[in-house]
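Student: Mind looking over this structure? Questions follow.
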2 protein chains.
Amino acid sequence: MAKQIRLGIVGVGNMGTSHLSNIRNGNCPEITVTAVADIRPERFERVAGPDITCFDSSKAMLDSGLVDAVLVATPHYDHPALAIECMKHGIHVMVEKPSGVYTKQVREMNEVAKNCDVVFGLMFNQRTDHIYRKMKEIVDSGEMGRIRRVCWIITDWYRPQVYYDSGAWRATWSGEGGGVLLNQCPHNLDLLQWICGLPVKVDTKMHFGKWHDIEVEDDVTTYMEFPNGATGTFITTTGDTPGSNRFEITFDGGKLVSENGELILWKLEQFEPEFSRVNKEPFGSPAFTKTVLQTDGKSEQHTGILNAFAGAILRDEPLIAEGVEGINGLMLSNAMHLSAWTDGPVSLPFDEELFYLELVKRIKSSRNKTNVTDIVVDISGSY
Amino acid sequence: MAKQIRLGIVGVGNMGTSHLSNIRNGNCPEITVTAVADIRPERFERVAGPDITCFDSSKAMLDSGLVDAVLVATPHYDHPALAIECMKHGIHVMVEKPSGVYTKQVREMNEVAKNCDVVFGLMFNQRTDHIYRKMKEIVDSGEMGRIRRVCWIITDWYRPQVYYDSGAWRATWSGEGGGVLLNQCPHNLDLLQWICGLPVKVDTKMHFGKWHDIEVEDDVTTYMEFPNGATGTFITTTGDTPGSNRFEITFDGGKLVSENGELILWKLEQFEPEFSRVNKEPFGSPAFTKTVLQTDGKSEQHTGILNAFAGAILRDEPLIAEGVEGINGLMLSNAMHLSAWTDGPVSLPFDEELFYLELVKRIKSSRNKTNVTDIVVDISGSY
C-alpha cells in the first residue's frame, strides 16, 4: 500500500465537488484524488485537472486500477449499490450520508461489508463536532446517570424554493426518497442515536410540501420512547428561518443543553430519585452547579472523516463512523416516515417490508420535475 | 359600594393563606379580608386576626353579609360550584386556577356568570408577567406575521414526593382530577391560548406516576395543530430538576424565544414566503436583526390580579383575566387527557361527555391516600 490513498469520487455534484476542493486544498495529505466518475460528462469540465481521470461510469473507474478507495457522493438511492460494487472490487469506500434510502438495501450493503476486507466508512462529519463529542463523552461516562428526556429542536436547515428547483432528483420520492429527514437530518439522526441510543418507538407528525413546492416532507415533529422509558422530541424543518438548534438531554443527575455553540451542564449534588426519596421540603429541589463546559474546540468535519479514513486504510486506525452504523439513523428516519404514513406510532425494529412497499407506492406516483437547472454551488458551511 | 372591598377567602390551605398574607401585607389597598371559610376549622388558628371572622362553611360566609367578594382557593373540583354560589348571592368572585376539572362544570359556571351582575375573574397571575405580556403584544401586533410553530418546554415545575404526600386530595383522580396539567400547568395552558390561540387538535403522550408515587400524570408531551396549520409542542413534567422554561414561537417574519428571563426577537427583513419566492441563491436565507427585547419589567402576579379585581368592582376597570376565559386552558388540558386516555389525536371541540365518563371511571378507582399530613407551607415564588 502506498503512503497516499488514490481516491476516486463517484458523483461530482455539490458534495462531490466540495470534497474534491477540500482534498485539493491540501487538507488531506494522505489522499490524492486520481479519478472521478459521473453520468453527466458535462460536469467534468469543472473538476478537470492533469492528475484526474474522468469516467462516465463508476464501473469503468473501479476497473481502471487508478483508485484504492472511493468516495460515494451520488444521490441517496445509489449509495448502497455503489458501495457494494466497490467492496466487491476490494476497494475501500466512504459513503456520503444517508447510507441509503431504505433499510433493506442498507442491510444488504452491511452484509457484503462483513465479508469483504475493505475499510467502509460513512460521512457523518458532525460526529467530529466538539460539542457533540463532548455530549457523547458525558452521556457515556455515566456521571449524569440515566437519561430521562431528550429534546432536539433542529430547525436550522432552512432551504428556499430555488434549492429544491436546483436538481431534478431533489425532494422527490423517486429521486431522493424523502425530504428533510433524508437530506438534511441524517447527521442529526445519527448523532441522536450515537449519543442517546436508538429509540424503541416513534410517533411522527409529518407535513409534506408545507413550506415549499415539493412532494416530500419539510416539517416533522416526532415523539420518541427509549428502551429505559426515557421520552424524547425531535423537531425539524427546512421552512424556518432563522431556525434553532437546541439539543437538551435531561438525566437523573441534571441537564445538558447545547445551543448557540455553547454547551451547558447543570449537575445535581444528589440524583433526583434519591433526593425525592429523602427530602422533607414540599417545595424543595436538589442543589446543583451550572457550568459552561470547555471543549477542545476542534471540529474537523469532512477533513477529519477523510483523514481517519486514510488512517484506517494505511494504519488500521479507527474510523470516526463505521459504515455499518449508518443503518441506525436510517432506521429512525424510516420509522418516522412509516409512522406518518400509517398515522400512528411505530415500534423499532419496524416492518421493513411494509416501509418499502409504502415507499414504492410514492415512487410510482412521484412527479417529474421540469424546469430544473443542474446548479452546483459552493456549499461550504451549509452542512 | 365602599372604597374597600370586603373579601372572603374560601379555603385557607397553601394558596388561600398565601393570598391572605399578601393582602395583609398591604399590597392590595382596596381590599380587606373580613372573613375566611374552610371545612377544616383547625386551620383557623393560623389565619386568626381581630378583623377576620371564620366560617366552617362557605354558605354561612356568603349569608353573613360580611363580604362583597370572595376568593375561591379550594381544591379544583369545588371551584365552579363555589363560584356559582357566590354569583347567585350577588357576590363578586375571583377563582383560583384551574377554573374547574372538567369543562362541563365550567360551562355551567360561565352560563350563570352571564346572567349575574357580578365581577368574575380568574387567578391567571402569570398573565401579568412582563415577558408573557410582551410576547402577546408582539403576536397581536401582527408585525411578525402568521405563527408557524410553537414549542414550549415547560419542565421547571419540579415537585418532590413529599409535596404529593402533603395533602390527601393532591395528585389523585378523585381529589384533584389530574396532575401536572391540572395543578401546575393551568397557567401555561392559559398563556398558550392567550398568546397563540387555541389549537384545533392535540396528540398527547402522557405518563402517570412516572417520577412519583402518584396516580395522575407527571410527564406530558403534546403535539398540537392550530387553525392556520401551525404546529406546536408542549412538554411538561414535575419530575425534571432543574427543569427548563423555553417558549419559542416561529413566524413568517422570524422567531421569538423566551428563556432564562430573557426575550429575544429575530426579525426578518423580508417575510420567509416572499423571500423564498424571489430569492435565487440555493443556500440563501433572509437577512434578520436579533434583539434582546426591553420590557417594562413589571410582573405584579397575584397582587396585580387582585388589584385589577378591586378596580373592576369599584370602577368598572378591566380584569386581567375574565372568569369566562378560564375554560380555554381547561379545554386544552381536558383534550390532552382525552388524547392520552383514548391513545390517539383529539380534535377541539372534543367530546366533553366522553371526557367526563373517562374521568369518572378514574375517580371510581382512585386510591385513598393514607399517611398524609395537612402541611401548609410558604409557597412564595413557587407559582
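The values are calculated or read from the model by the stated rules, or taken from the named source; none is laboratory data. Not measured: the values here are computed from a predicted model. Cβ atoms come from the backbone with ideal geometry, glycine included; neighbour counts cover every protein chain shown. For accessibility, only protein heavy atoms count, side chains too; no ligands or nucleic acids. Shrake-Rupley method; radii C 1.70, N 1.55, O 1.52, S 1.80 Å.
Student: Add -39500 (n - 2.57) for each DSSP H run of 4 or more in chain B, then divide by its residues: what number comes out at 222 nm, to the nearest 500 deg cm²/dmol?
Tutor: -9500 deg cm²/dmol
Student: So, one more: Can you tell me the orientation of helix A:326-342 relative to chain A, as the angle in degrees between its alpha-carbon axis and the longest Cα principal axis, to the nearest 10?
Tutor: Taking the Cα atoms of chain A, the angle to A:326-342 is about 70 degrees.
Student: Translational D (Stokes-Einstein, µm²/s) of the stretch B:6-126 at 20 °C and 1.002 mPa s when Rh comes from the Kirkwood sum over C-alpha pairs?
Tutor: 151
Student: Tilt of helix B:301-315 relative to the longest C-alpha principal axis of chain B, in degrees (0 to 90, nearest 10)?
Tutor: That works out to roughly 70 degrees.
Student: Cα atoms only, the stretch A:74-227: Rg and Dmax in Å?
Tutor: 17.2, 49
Student: In Å² (nearest 100), what accessible area is buried between B and A, both sides summed, heavy protein atoms only, 1.4 Å probe?
Tutor: In total, this chain pair buries about 4700 Å².
Student: Please check: in the Gaussian network model of chain B (C-alpha springs, under 10 Å), which one of B:Phe355, B:Phe288, B:Phe247 has the largest mean-square fluctuation.
Tutor: Of the options given, B:Phe288 has the highest mean-square fluctuation.
Student: Springs between alpha-carbon atoms under 10 Å, Gaussian network over chain A: tell me which of A:Asn115, A:Asn14, A:Asn245 tops the mean-square fluctuations.
Tutor: Taking springs between Cα atoms under 10 Å, the residue moving most is A:Asn115.
Student: Counting only protein heavy atoms, what percent of the accessible surface of the protein assembly as shown is carbon or sulfur at a 1.4 Å probe?
Tutor: 49
Student: Find, to one decimal place in angstroms, the Kirkwood hydrodynamic radius of the stretch B:52-121, where the mean of 1/r is taken over every pair of different Cα atoms and then inverted.
Tutor: For the stretch B:52-121, inverting the mean 1/r across all distinct Cα pairs yields 12.1 Å.
Student: Here is a follow-up. Checking buried surface per residue: for the stretch A:203-224, which residues lose a minimum of 10 Å² accessible area in the protein assembly relative to the chain alone (1.4 Å probe)?
Tutor: By number: A:Asp203, A:Lys205, A:His207, A:Lys210, A:Trp211, A:Asp219, A:Thr221, A:Tyr223.
Student: Farthest toward the dipole's positive end in the stretch B:159-238, which of B:Ala230, B:Val180, B:Tyr163, given Cβ charges of +1 (Lys, Arg) and -1 (Asp, Glu) about the Cα centre?
Tutor: It is B:Ala230, whose Cα lies furthest towards the positive end.
Student: A:Trp173 accessible area, nearest 10 Å², 1.4 Å probe?
Tutor: Approximately 20 Å² for this residue.
Student: About its Cα centre, how strong a charge dipole does the protein assembly as shown have in debye, to the nearest 20, once Lys and Arg get +1 and Asp and Glu get -1 at the Cβ?
Tutor: With only Lys, Arg, Asp and Glu charged at Cβ, the dipole is about 80 debye.
Student: Still on this structure: Taking the Cα atoms of the stretch B:234-383, what is the range of coordinates along each of the three principal axes, in descending order and whole Å?
Tutor: For the stretch B:234-383, the Cα extents along the three principal axes come out at 67, 46, 37 Å.
Student: Further question: Out of B:Val95, B:Cys54, B:His130, whose Cα points farthest toward the positive end of the dipole of the stretch B:1-131 (charges: +1 Lys, Arg; -1 Asp, Glu; placed on Cβ)?
Tutor: Selected residue: B:His130.
Student: Restricting things to alpha carbons, find the Rg to Rh ratio for the stretch A:151-203 using the Kirkwood radius for Rh.
Tutor: Here the Rg-to-Rh quotient is 1.04.
Student: Just to confirm the numbers: B:Pro227, label point 7 angstrom along the Cα-Cβ line, distances to the other copies in nm, shortest first?
Tutor: When each copy's label point is compared with this one, the spacings are 4.7 nm.
Student: Leaving out ligands, DNA and RNA but keeping every protein chain, what accessible area does A:Val278 have, in Å² rounded to the nearest 10, with a 1.4 Å probe?
Tutor: Solvent-accessible area, nearest 10 Å²: 60 Å².
Student: While we're here: Could you compute how fast the stretch A:280-360 diffuses translationally, taking Rh as the Kirkwood radius over C-alpha pairs and applying Stokes-Einstein at 37 °C with viscosity 0.692 mPa s? Give it in µm² per second.
Tutor: 187
Student: To the nearest 10 Å², what's A:Arg367's accessible area with a 1.4 Å probe?
Tutor: 100
Student: Related question: Might you tell me the accessible area per residue for the stretch A:44-106, computed with a 1.4 Å probe and given in Å²?
Tutor: So the stretch A:44-106 comes to 36 Å² accessible per residue, rounded to a whole number.
Student: Moving on to the next point. What translational D, rounded to a whole number of µm²/s, comes out for chain B from Stokes-Einstein when the hydrodynamic radius is the Kirkwood one over Cα pairs, at 10 °C and 1.306 mPa s?
Tutor: Diffusion coefficient, whole number: 72 µm²/s.
Student: List the residues whose amide H sits under 5 Å from the amide H of A:Trp157, counting only those 5 or more places along or on another chain, with H placed 1.01 Å from N in the peptide plane.
Tutor: Counting only residues 5 or more places away or on other chains, the set is A:Thr237.
Student: B:Lys104 label points, 7 Å along Cα→Cβ, one per copy: pairwise distances from this copy to the rest in nm, shortest first?
Tutor: Between copies, matching label points for B:Lys104 lie 5.1 nm apart.
Student: Give me the residues in the stretch A:249-289 whose solvent-accessible area, probe 1.4 Å, is reduced by at least 40 Å² once all protein chains are included instead of the chain isolated.
Tutor: Hits at the 40 Å² cut-off: A:Lys255, A:Glu272, A:Ser276, A:Pro282, A:Phe283.
Student: Measuring nothing but label to label, 7 Å from Cα along Cα→Cβ, what are B:Glu281's distances to the other copies in nm, shortest first?
Tutor: Inter-copy label distances (nm, one decimal, shortest first): 5.2.
Student: Can I ask one more? Starting from the Cα gyration tensor of the protein assembly as shown, multiply each eigenvalue by 5, take the square root, and state the resulting semi-axes largest first in whole Å.
Tutor: 58, 25, 22
Student: For chain B, what is the charge dipole size about the Cα centre, in debye to the nearest 20, if Lys and Arg each add +1 at the Cβ and Asp and Glu each add -1 at the Cβ?
Tutor: It works out to roughly 220 debye.
Student: To the nearest 20 debye, what is the magnitude of the charge dipole of the stretch A:159-293 about its Cα centre, counting +1 on the Cβ of each Lys and Arg and -1 on the Cβ of each Asp and Glu?
Tutor: 300
Student: Now a separate question. Which of the lysines could a cross-linker bridge to B:Lys280, judged by Cα under 22 Å and excluding same-chain residues fewer than eight apart?
Tutor: Within the straight-line limit of under 22 Å, B:Lys280 reaches these lysines: A:Lys210, A:Lys369, B:Lys267.
Student: In the Gaussian network model of chain A, springs joining C-alpha atoms below 10 Å, which of A:Val106, A:Val139, A:Val72 carries the largest mean-square fluctuation?
Tutor: Top of the fluctuation ranking is A:Val139.
Student: Here's something else I'd like to know. Cut-off under 21 Å on the C-alpha distance; same-chain residues fewer than 8 positions from B:Lys88 excluded. Which lysines are left, in chain and number order?
Tutor: B:Lys59, B:Lys97, B:Lys104, B:Lys114
Student: Answer with one residue from A:Leu314, A:Leu357, A:Ile327: the one whose Cα lies farthest towards the positive end of the charge dipole of the stretch A:236-383, charges on Cβ with Lys, Arg +1 and Asp, Glu -1.
Tutor: A:Leu357
Student: At q = 0.16, 0.18, 0.19 Å⁻¹, work out log10 I(q)/I(0) for the stretch B:180-231 with the Debye formula, treating every Cα as an identical point scatterer and leaving solvent out; two decimals please.
Tutor: -0.54, -0.65, -0.71
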